[in-house]
Amino acid sequence: MNEVLEKIGAIGIVPVVKIDDAKDAVPLAKALCEGGLPCAEVTFRTAAAEEAIRAMTQAYPEMLVGAGTVLTTEQVDKAVNAGAKFIVSPGLNPKIVTYCVEKGVPITPGTSNASDIEQALELGLEVVKFFPAEQAGGLAMIKALAAPYVNVKFMPTGGVNAKNLNDYLGYNKVLACGGSWMVKSELINEGAFDQIRDMTRQAVQTMLGFELGHIGINTENTQEAEEVTDAFDRIFGLTKRETAVSFFAGTAVEVMKGKGYGVHGHMSINTNYLPRAIHYLKSQGIKFDEESAKYDADGNMTIIYLEQDFAGVRVHLAQKK
């Protein structure tokens, strides 16, 4: 898959923005980056789009800025010359798709049926926009289309919001979702960038769904670990279960058969999407102990530890089951 599209998949949400005045571009970019979504699809529905893309990419070169609602090859040129790293169109226009492919510019054209996807495949694409997502049948329609087209990934846009976001992202054929609920035009025009930042942060937290999984306690040896676990079982009714390196008291407490990670122990924070959580936290400056990562039989990462301790407690992220 194209590197830009892989980055979009790691981010998970593409804010779809309509900018009426280019002066709002940089503060909007700042709000999105601070909120945890260093990405934007700037729609060519206004005359300010080209200059807005240029301003964003110059002020935040690490940000993934693309152009949306692209209807002509002239708009492709304007967007790319301004710094756009990807193109999105509401429908599948073979002329525009071919033009972008020949230029090496990633494009995700809008599709809503099997015929659209057939054209996209013929043009060499593997990722398509599904638009308008909710009106075109939502997740059920994506699943129906994905069945015969097993190598196609979808970016649903249109009607995606905080309530249905994880329904879409939870399906493995969905690369990312486009949405505008955190970047509404009226908020941009009002200069409510702090509110946009906070709503963006909330969208990221909704997507990642961080929650406490269990706590881990270090002990000196297997005997002490079993005694501690038996106490949790006796006092709180947390049934004991043994693994190779620890005992579990129910699902809330893991008692290590010796010194595990952390001075005192560890804490598991579970997340909806482990790779996206890692990408997000790395963008916030968090470092990981890469050698601590564990994988399932299919090669999917299941846990990974952060490098730092918190008051003697090490934290690991875990994929929710």
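Each value in this text was obtained by applying a stated rule to the coordinates, not by laboratory testing. Quick caveat: nothing in here was measured; it's all calculated off a predicted structure. Cβ sites come from the backbone with ideal geometry, for glycine too, and all protein chains shown count toward neighbours.
For region 11-51, the Kirkwood estimate of the hydrodynamic radius, built from every pair of different alpha carbons, is 10.5 Å. In this structure, the residue pairs whose Cα-Cα separation is over 30 Å, taken from K18/K320; K78/K163; K78/K129; K163/K259, are K18/K320; K78/K163; K163/K259.
When Lys and Arg each count +1 and Asp and Glu each count -1, what net charge do the other residues less than 13 Å away from L165, Cβ to Cβ, add up to? Local net charge: 0.
Fewest-first ordering of E34, E186 by other beta carbons within 10 Å of each residue's beta carbon gives E186, E34. Measuring from centroid to centroid over Cα atoms, what is the spacing of region 34-97 and region 226-267 in Å? Using only Cα atoms to place each centre, the spacing works out to 52 Å.
Compactness of region 36-100, taken as the C-alpha radius of gyration over 2.2 N^0.38 Å, stands at 1.04. Of the beta bridges in the chain, as assigned by DSSP with both residues counted there, near 40 percent are antiparallel.
Positive end of the dipole of the chain (Cβ unit charges, origin at the Cα centre): among T46, A79, M267, the Cα lying farthest that way belongs to T46.
Note on S89, S292, S115: ascending count of other Cβ atoms within 10 Å places them as S115, S292, S89, the fewest first. Database remark: amide H of M267 closer than 5 angstrom to the amide H of G216, R314, V315, H316 (H placed geometrically; neighbours at sequence offset of 5 or more, or on other chains; Pro and chain starts carry no H). In a shell of Cβ-Cβ distance under 11 Å around T222, excluding T222 itself, what net charge do Lys and Arg (+1) and Asp and Glu (-1) give? In short, -4.
Kirkwood's formula applied to the C-alpha pairs of the chain gives a hydrodynamic radius of 21.5 angstrom.
Anisotropy class assigned to region 73-211 is oblate, per the alpha carbon gyration tensor with a/c at or over the 1.5 cut-off and a/b no larger than b/c. Using R0 = 30 Å, the C-beta based FRET efficiency linking H279 and D77 works out to 0.45. Normalised by the number of residues in the chain, the mean separation of alpha-carbon contacts (under 8 Å, six or more apart) gives a relative contact order of 14 percent. Dividing the summed -39500 (n - 2.57) terms of all DSSP H runs of n ≥ 4 by the residue count of the chain sets its mean residue ellipticity at 222 nm at -11000 deg cm²/dmol. In a simple Cβ point-charge model (Lys, Arg +1; Asp, Glu -1; nothing else charged), the chain has a dipole of about 360 debye relative to its Cα centre.
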